[in-house]
Amino acid sequence: MISTYLLYQSYAANLTKTYARIGAEPDVSSAQKYYQDNIGKVTSVDDFMNNTRLFSYAMTAYGLSDMTYAKAFMKKVLTSDLSDSTSFVNKLTDTRFLAFAKAYQFSTDGTIADQAVIAQNSTDEDDTIDLYTQAQVNKGNAASTEATYYQANIGNITSVDQLLANPRLYDVAVRSYGIDPDLMSKSTIRAVLTSDLSDSNSTANTMGSAYQTLAKAFNFNTDGSVNGTAQSSANISTTVYQYFNATGTGSTAAAESYKIQYFKSAISSVTSADDLINNYALYDVALTAVGLTPATASKTLIKQVLTSDLSDSSSVANQQTNTAYKKLAQLFSFNTDGTVNGSAQTTAQTTSLVNLYSDTFDDTLQTSNDNAISGYKDAVEGVKTVSDLLDTTAYNFLISAYGLDADTMTKYTMTKILTSDPSDPNSFANQSHNAAYIKLAGDFNFDSDGNAKTASLAQTNSNLTSIVTLYTTNNGGAVADGATATAQQTAATTESTYYTSTIGTITNVDDFLKDSRLVNYALSAYGLSKANLSTTQLRKILTSDPTDPDSYINQSENAAYKALDVAFNFGTDGKTLSVPKNQVQDRSDLVATTAGYLEQTMETEAGDQSTGAQLALYFLKKASSITSAYQILGDKALLQFAQTALGLSTYMSNADIDVQAAMITKRLDLDDLQDPTKVNKLIAQFSALYDINNSDVASTSPVLQILNGSSSSSNGIITIDPITSSIAT
């Protein structure tokens, strides 16, 4: 009879070929195909367990074939809440049950757990917010350009018709006073601008205050000619100032720059407190600088403050509990009668006010942007459909972010954009040839029916957890040899933090491969740091379909890289794949299950010939994951292997558990289990001792023949210590 070690080697010498041979066996191939073709059709735990072929395959894959009959028990395993430490499966000491439960996505009620859907992932959300922030800057710059043009050219206007004929001047003039030039006819605006405001029946007086204010801002006669200049300097300033607010750019850096520039140039013309109060632009800057709100402040009170004698403790400014009023008075030099001695401000006062205004404005701008962004995030969070999204404040945010025309964009068109498939050249967004539409469609995650889909991820949560565990266990190889354990752990933690915070931003394999820290982390975790894989090779590995037997990764020469491929979620086109919304297994779990079935089949096949060979193959599979003697003690097969390999008696099980653990670690350095060479030597040692304990193979065991030959030459006799089972001669 063949020795245990030789039989073991016939399987383990080339596991890739062994798996390929076993996988090609008709029964195994048929079982695998049936499983892969039908597991996706499962809709409940009962559906799964009542399909004998599926359930038996799965149980075999996870080493639980002997429990296939215990359906009530296994149902409790599969429907346990994995996040609850007190749930049924989490209270079981045999880790095979937990591994089995993790491989399937069943809810506690037995249905398939729905994966979370997400309208926009964090990367695209950040992208949208960046677009919005930049759009505000662009809008401010555009408004500043138009404001500058207006100031430079309005003085050249000599008739109302000339103003109406200049679209840029006309837009600023009308829009500044809250009137949409696209909705109001020019004939009506002409009638307003040429109204006799002393006539109660004139067009301006009959259309409302906005039109009256517009007419007052210009100096047109009833025949359309100009009375002096089209606008006074003060009205030009007011018009421009209001233009920033009317275009939604009043809180932009461009508006801030204009307002400060205007204040510096116009303050010298102020000769009384009334001049300041009646100049909206100057008044706004002055009050904003000290933290007062121009729109709600009482002008009567403001005048009393500005004309207060600050040396008089009973003056209005000094009597205010809000110190902003006193600060306002300190920034000006008005007499108590409202006049000035020379100028309304000294140079120092102007500088102080401008600096205060700039600080306050920046804070206001930041608060405004923060509120808009926060509102957008709140609106997008939890959105399940396009209609849900468009019924929130996100609608206007998106219009601004993507530079869309608020006057022409409709929710119907926005819906068609958001339900477009960015990868389909015939989709609405792509057929529009509008870059903004295409970008908007690509930044969201809705299907053609308007429902949010599951996220497209480079790694599922379970695979992310696994890779971090692997990397941390290996200390990542991030520091030079000789570094302290603390330094290694710190380096590993740093790299793990970077990896976990960055991998979620990856949307395709090329982005992943461009980040050397991510690549090195993954290679280190899977023991491939010294494999010298090129970028081209890595791309082939990561875009290989592990469920396709003909794919690159399933060729025997590439088997060492399969674990790396399965750990990621890239499609054959290099893009990240969506996590199935309602599927009992994701791709990585499906691959793990089929791999487990092959392993179990191999071990069973070997076991039909030799229990020792089966134990050796099982130990080979488990060795690298063993970090504690208690893991060995808790696994019947591992314990049998260890007792035989280390020469320990089965009677040791009667001792205290800690004593048993000490007996194992006294004879076995667990760190050696990370070294394949040392693992192989231990398996050889096990095989020899197993064959000693099973004399029917002793006569054919080359290892024992050597031992026996050595013993005979020295007239030695092999004996076994009844307590430790150690060998003596």
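Got at least one residue in region 4-14 being in contact with a Gly (Cβ under 6 Å, 6 or more places away or on another chain), assigned to a helix (DSSP H, G or I) and in contact (Cβ under 8 Å) with a residue 60 or more places away in the chain? Steps first, please.
Of all residues in region 4-14, those in contact with a Gly (Cβ under 6 Å, 6 or more places away or on another chain) come to 4.
Among the residues that remain, those that are also assigned to a helix (DSSP H, G or I) are: 4.
Subset that is in contact (Cβ under 8 Å) with a residue 60 or more places away in the chain: 4.
Within region 4-14, one or more residues are in contact with a Gly (Cβ under 6 Å, 6 or more places away or on another chain), assigned to a helix (DSSP H, G or I) and in contact (Cβ under 8 Å) with a residue 60 or more places away in the chain.
In the set (1) free of Cβ contacts under 8 Å to residues at least 24 places away in the same chain; (2) part of a loop (DSSP other than H, G, I, E, B); (3) among the β-branched types (Val, Ile, Thr), Val383 fails one condition alone, (1).
Report yes if Leu390 is touching a Lys or Arg at 6+ places or on another chain (Cβ under 6 Å) and of a type outside the set (Lys, Arg), otherwise no. Against the criterion (touching a Lys or Arg at 6+ places or on another chain (Cβ under 6 Å) and of a type outside the set (Lys, Arg)), Leu390 qualifies. None of Ser44, Ser29 is open to solvent by less than 60 Å² (accessible area, probe 1.4 Å) and either of a type in the set (A, V, I, L, M) or under 21 Å from Ser107 (Cα atoms) (or both) except Ser44. Has region 519-531 got at least one residue that is closer than 26 Å to Gln674 by Cα, open to solvent by 40 Å² or more (accessible area, probe 1.4 Å) and touching a helix residue (DSSP H, G or I) at 6+ places or on another chain (Cβ under 7 Å)? Taking every residue of region 519-531 in turn, at least one turns out to be closer than 26 Å to Gln674 by Cα, open to solvent by 40 Å² or more (accessible area, probe 1.4 Å) and touching a helix residue (DSSP H, G or I) at 6+ places or on another chain (Cβ under 7 Å).
Here are Asp182, Asp161, Asp114, Asp171: which of them is in contact (Cβ under 8 Å) with a residue 12 or more places away in the chain, in a loop (DSSP other than H, G, I, E, B) and more than 30 Å from Lys75 (Cβ to Cβ)? Talk me through it step by step, then tell me what you get.
Values: Asp161 fails: in a loop (DSSP other than H, G, I, E, B); Asp114 fails: more than 30 Å from Lys75 (Cβ to Cβ); Asp171 fails: in a loop (DSSP other than H, G, I, E, B).
That would be Asp182, the only listed residue that is in contact (Cβ under 8 Å) with a residue 12 or more places away in the chain, in a loop (DSSP other than H, G, I, E, B) and more than 30 Å from Lys75 (Cβ to Cβ).
Considered as a group, the residues in region 436-483 that are in a helix (DSSP H, G or I), at pLDDT below 80 and not small (Gly, Ala, Ser) include one that is surrounded by the most Cβ atoms within 10 Å (Cβ to Cβ), and that residue is Asn475.
What residue, among those in region 385-433 that are open to solvent by 60 Å² or more (accessible area, probe 1.4 Å) and of a type in the set (Gly, Ala, Ser), is modelled with the lowest pLDDT? Per the stated criteria, the residue is Ser423.
Conditions (1) assigned to a helix (DSSP H, G or I); (2) surrounded by fewer than 21 Cβ atoms within 10 Å (Cβ to Cβ); (3) more than 41 Å from the chain's Cα centre (by Cα), marked per residue:
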position	(1), (2), (3)
Thr601	yes, yes, no
Thr604	yes, yes, yes
Asp608	yes, yes, yes
Gln614	yes, no, yes
Phe619	yes, no, no
Tyr630	yes, yes, no
Thr644	yes, no, yes
Gly647	no, yes, yes
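Give all pairs with beta carbons closer than 8 Å in which a residue from region 409-435 that is of a type in the set (Lys, Arg) meets a residue that is surrounded by 15 or more Cβ atoms within 10 Å (Cβ to Cβ); count only pairs at least 6 apart in sequence or on separate chains. Qualifying pairs under 8 Å: Lys411/Leu390; Lys411/Tyr395; Lys416/Phe428; Lys416/Ala429. Residues considered: Gln609, Gln631. Of these, the only one that is within 21 Å of Gln9 (Cα to Cα) and modelled with pLDDT under 95 is Gln609. The set of residues in region 284-315 being in contact (Cβ under 8 Å) with a residue 12 or more places away in the chain, closer than 18 Å to Phe334 by Cα and of a type in the set (Val, Ile, Thr) consists of Val285, Val290, Ile302, Val305, Thr307. When the residues of region 536-555 are filtered to those that are in a helix (DSSP H, G or I), crowded, with 16+ Cβ neighbours inside 10 Å and among the β-branched types (Val, Ile, Thr), the one that is modelled with the highest pLDDT is Ile541.
Restricting the search to region 296-329, which residues are in a loop (DSSP other than H, G, I, E, B) and of a type in the set (S, T, N, Q)? Please lay out each step first, then the result.
At the first step, the residues of region 296-329 found to be in a loop (DSSP other than H, G, I, E, B) are 296-298, 307-315, 320-322.
Passing the criteria: Thr296, Ser298, Thr307, Ser308, Ser311, Ser313, Ser314, Ser315, Gln320, Thr321, Asn322.
Any residue at all in region 358-380 that's surrounded by 14 or more Cβ atoms within 10 Å (Cβ to Cβ), out of contact with any His (no Cβ under 6 Å at 6 or more places or on another chain) and part of a loop (DSSP other than H, G, I, E, B)? Scanning region 358-380 turns up no residue that is surrounded by 14 or more Cβ atoms within 10 Å (Cβ to Cβ), out of contact with any His (no Cβ under 6 Å at 6 or more places or on another chain) and part of a loop (DSSP other than H, G, I, E, B). Restricting the first member to region 581-604 and to residues that are among the small types (Gly, Ala, Ser), and the second to residues that are in a helix (DSSP H, G or I), the beta-carbon pairs closer than 7 Å and six or more apart or on different chains are Ser588/Asn463; Ser588/Val566; Gly596/Ala61.
Restricting attention to region 83-95, the residues that are open to solvent by 40 Å² or more (accessible area, probe 1.4 Å) and in contact with a helix residue (DSSP H, G or I) (Cβ under 6 Å, 6 or more places away or on another chain) total 1.
Inside region 558-586, residues that are open to solvent by less than 50 Å² (accessible area, probe 1.4 Å) and not in a strand (DSSP E or B) make up a count of 16.
I'm trying to understand the selection: among the residues of region 484-535, which are more than 18 Å from Thr465 (Cα to Cα), in a loop (DSSP other than H, G, I, E, B) and either in contact (Cβ under 8 Å) with a residue 24 or more places away in the chain or not acidic (Asp, Glu) (or both)? Those that are more than 18 Å from Thr465 (Cα to Cα), in a loop (DSSP other than H, G, I, E, B) and either in contact (Cβ under 8 Å) with a residue 24 or more places away in the chain or not acidic (Asp, Glu) (or both): Thr484, Thr507, Leu528, Ser529, Lys530, Ala531, Asn532, Leu533, Ser534. If only residues of region 239-286 that are open to solvent by less than 30 Å² (accessible area, probe 1.4 Å), closer than 29 Å to Asn138 by Cβ and in a loop (DSSP other than H, G, I, E, B) are counted, the one that is modelled with the highest pLDDT is Thr249.
The values are calculated or read from the model by the stated rules, or taken from the named source; none is laboratory data. Bear in mind that the values here come from a model prediction, so they are computed numbers and not experimental data. Reconstructed Cβ throughout: ideal geometry from the backbone, glycine too, with neighbour counts over all protein chains shown. Ligands, DNA and RNA are stripped out before the accessible areas are found, and what is left, the full protein with its side chains, is counted by its heavy atoms. Shrake-Rupley method; radii C 1.70, N 1.55, O 1.52, S 1.80 Å.
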